[in-house]
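Only one structure is covered here, and it is reproduced in the block below.
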Amino acid sequence: MRLVLDTNVVVAALRSPTGASAALVRCALQRRFTLLLSVPLALEYEAVCVDPAQRIASGLGEAEVDTIISALCAVAEPVRGSFLWRPQLRDANDEMVLETAVNGVASALVTFNRRDFGDAPDSFGIRLLSPPQALKRISQ
């Protein structure tokens, strides 16, 4: 299975180590699915997760967050942006997530913000899943 994790899933993983998002991150690190990651999306993971408010909420130091993001980058399949599919979404910040999924030929895009993506992923043959739904599919 080829998955793109929205930034909100990575943030949730850091904030709640026993939740579905954290389980997905562990599965990615164990290579139980192919994590797809573009440079812009990796930079967004880093920028959002090292933000002081996020680090306080997660209880992690900057070095710990850097280690987790670096580990995700190390196991991910790099995705190059060959085409710009914009505009597809209402929120321009979500476009890089969709572009990573499209260019990486993802099976699914995992997010908490299903409404923000609407039907756009489906038009490219990409499923939109919540973290619990993605975990269930990985376990099958």
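Of note:
- Under DSSP loop assignment and at most 10 Cβ neighbours within 10 Å, longest trypsin sites (Lys or Arg not before Pro)-free interval of the chain: 81-140
- 11 Å beta-carbon shell around L135, net charge (K/R +1, D/E -1): +4
- Rounded to the nearest 20 debye, the dipole magnitude of the chain is 600 debye, with +1 charges on Lys and Arg beta carbons, -1 on Asp and Glu beta carbons, and the Cα centre as origin.
- R80 versus V105: modelled label distance in nm, points set 7 Å from Cα along the beta carbon direction: 1.5 nm
- Based on Cα contacts under 8 Å between residues 6+ apart, segment 34-140 shows a relative contact order of 25 percent.
- Taking amide H atoms as placed 1.01 Å from N in the peptide plane, the amide H of S107 lies under 5 Å from those of R2, L3, each 5 or more residues away in sequence or on another chain.
- Stretchable slack from R32 to T67, in nm (0.36 nm times residue separation minus alpha-carbon distance): 10.6 nm
- Computed over neighbours whose Cβ is under 14 Å from that of T34, the net charge equals +3, Lys and Arg +1, Asp and Glu -1.
- Taking all protein chains together and rolling a 1.4 Å probe, I69 ends up with roughly 10 Å² accessible.
- Applying 0.36 nm per residue to the separation of D51 and N93 and subtracting their alpha-carbon distance, the gain on full extension is 13.4 nm.
- What the Kirkwood sum gives for the chain is a hydrodynamic radius of 14.9 Å, with every pair of different alpha carbons counted.
- Taking all protein chains into account, the per residue accessible area for the chain stands at 52 Å² (1.4 Å probe).
- Length released on extending from R137 to S16, taking residue separation times 0.36 nm less the Cα-Cα span: 41.5 nm
- Computed helical MRE - 222 nm, the chain, DSSP H runs ≥ 4 contributing -39500 (n - 2.57), nearest 500: -15000 deg cm²/dmol
The values are calculated or read from the model by the stated rules, or taken from the named source; none is laboratory data. Computed from a predicted model, the values in this text were never measured in an experiment. Please note: Cβ atoms are built from the backbone with ideal geometry, for glycine as well, and neighbour counts cover all protein chains shown. We work out accessible area using only protein heavy atoms, side chains counted, and drop any ligands, DNA or RNA first. Shrake-Rupley method; radii C 1.70, N 1.55, O 1.52, S 1.80 Å.
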